[in-house]
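Step one of this worksheet: look at the structure below.
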Amino acid sequence: MDHQTHWDPRTYDEPRRRLVPDFDAFYGTAAMLVEKTIPEGARILDLGCGTGIFSEFILSRSPASSMTLLDQSVDMLDVAKTRLQGYSITAVQGSFDEVLPAGPFDAIISSLAIHHLSDEKKALLFQRVSGALAGGGVFINADQVAGLTPWHTDYYRAMHEEQARELGTDDAEWTAALERMSIDQYATIDWHLARFVEASLHRCDTFFKRFGFAVMAGWKLPT
């Protein structure tokens, strides 16, 4: 991956509801898209799964699915395995900017992870994702995005901070968040959707957006 973000899995989850705008709608919208797409007993791949927050949203709606969890961090995977121990899961340590686990998958998902890659590597990943999807499968990237202009990005950041502080984020927590975000590599929604199309995904659109957080999806045509 282009840079390493070091998280402590013991303290990763607790600030999420303060720092991810409209947390339940962000993850819930993505989980709904998966639920409406996949067949019973679907195979799903979570890229950069972290502690399994996103996978839990999906498996709680689609409990008969099997989830492959991919993350570089053994510690994160250990937390995710504990969180999801009641479901059918397979944990794989590795980077998603390399070879993906063998598909095909009915859904490939990722949340707040792909923005760590350069735009070139994002585009290459989307090509690999398309190749690993089953016909009719969906790719969902719930991630942070850039605004159309630097002004928009700055305005999103100001609104993001205001909401986070209303939910209890203090100076130390926001400063730490800014430090992490300063090394992230955001792209616009339009850029993402164009790359989805180039990767032979269809019906590509944005299904949720709040400040600089968006849920973007595209489908592979049925075979």
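General remarks:
- Under 5 Å from the amide H of Thr188 lie the amide H atoms of Ala146, each residue being 5 or more positions distant or on a separate chain, with H modelled from the backbone and absent for Pro and chain starts.
- Highest-MSF residue in the chain out of Thr82, Thr68, Thr206 [GNM, Cα springs under 10 Å]: Thr82
- Using Cβ point charges alone (K and R +1, D and E -1), the dipole size of region 67-220 about the Cα centre works out to roughly 640 debye.
- Across the chain, counting alpha-carbon atoms alone, Rg and Dmax equal 16.4, 52 Å.
- Dividing the mean sequence gap of close Cα pairs (under 8 Å, 6+ apart) by how many residues region 45-158 holds gives a relative contact order of 25 percent.
- The sum of -39500 (n - 2.57) across all DSSP H runs of n ≥ 4, divided by the residue count of the chain, sets its helix-only mean residue ellipticity at 222 nm to -12500 deg cm²/dmol.
- Gyration tensor (alpha-carbon) shape descriptor, region 13-120, a/c threshold 1.5: rounded
- The Lys81 and Arg16 beta-carbon pair, evaluated with R₀ = 22 Å, returns a calculated FRET efficiency of approximately 0.75.
- Note, ³J(HN,Hα) from phi for region 168-178, Karplus 6.51, -1.76, 1.60, rounded to Hz, x at Gly and Pro: x, 5, 9, 4, 5, 5, 5, 4, 5, 5, 4
- Between the listed residues Val145, Val74, Tyr27, the Cα displaced farthest toward the positive end of the dipole of the chain, a dipole computed from Cβ unit charges relative to the Cα centre, is found at Tyr27.
- Here's how it looks for Gly218: its modeled amide H is under 5 Å from those of Phe139, which are all 5 or more places away or on a different chain.
- Longest to shortest principal axis, alpha-carbon extents of region 115-215, angstrom: 46, 24, 24
- Reachable aspartates and glutamates from Lys36, criterion Cα separation under 18 angstrom, eight or more residues apart if same chain: Asp24, Asp46, Glu56, Asp106, Asp205
- Beta-bridge orientation, region 1-131: approximately 0 percent antiparallel, per DSSP, counting only bridges with both partners inside.
- Spatially proximal aspartates and glutamates relative to Lys122 (Cα-Cα < 15 Å; intrachain offsets below 8 disregarded): Asp2, Asp97, Glu98, Asp143, Asp184, Asp190, Glu198
- Couplings 3J(HN,Hα) for region 79-91, derived from phi with the Karplus relation 6.51 cos²θ - 1.76 cosθ + 1.60 (θ = phi - 60°), are 5, 4, 5, 5, 4, 9, 5, x, 10, 7, 9, 10, 9 Hz, where x marks Gly and Pro.
- A simple count of charges around Cys49, restricted to other residues whose Cβ falls under 11 Å of its Cβ and scoring Lys, Arg +1 and Asp, Glu -1, yields -1.
- Judged by the mean number of other Cβ atoms found within 10 Å, the most tightly packed of the peptides 184-191, 207-214, 173-180 leads the ranking 207-214, 184-191, 173-180.
- Here the Gaussian network model covers the chain, with springs between Cα atoms less than 10 Å apart; of Ala194, Ala107, Ala172, Ala172 fluctuates the most.
- Extension gain (nm, one decimal) between Gln93 and Gln163, 0.36 nm per residue minus Cα-Cα: 21.8 nm
- Each other residue within a Cβ distance under 11 Å of Phe213 adds +1 if Lys or Arg and -1 if Asp or Glu, for a net charge of 0.
Laboratory data are not the source of any read-out in this text; all were calculated from the coordinates shown. Model, not experiment: these values are computed from the prediction. Please note: Cβ atoms are built from the backbone with ideal geometry, for glycine as well, and neighbour counts cover all protein chains shown.
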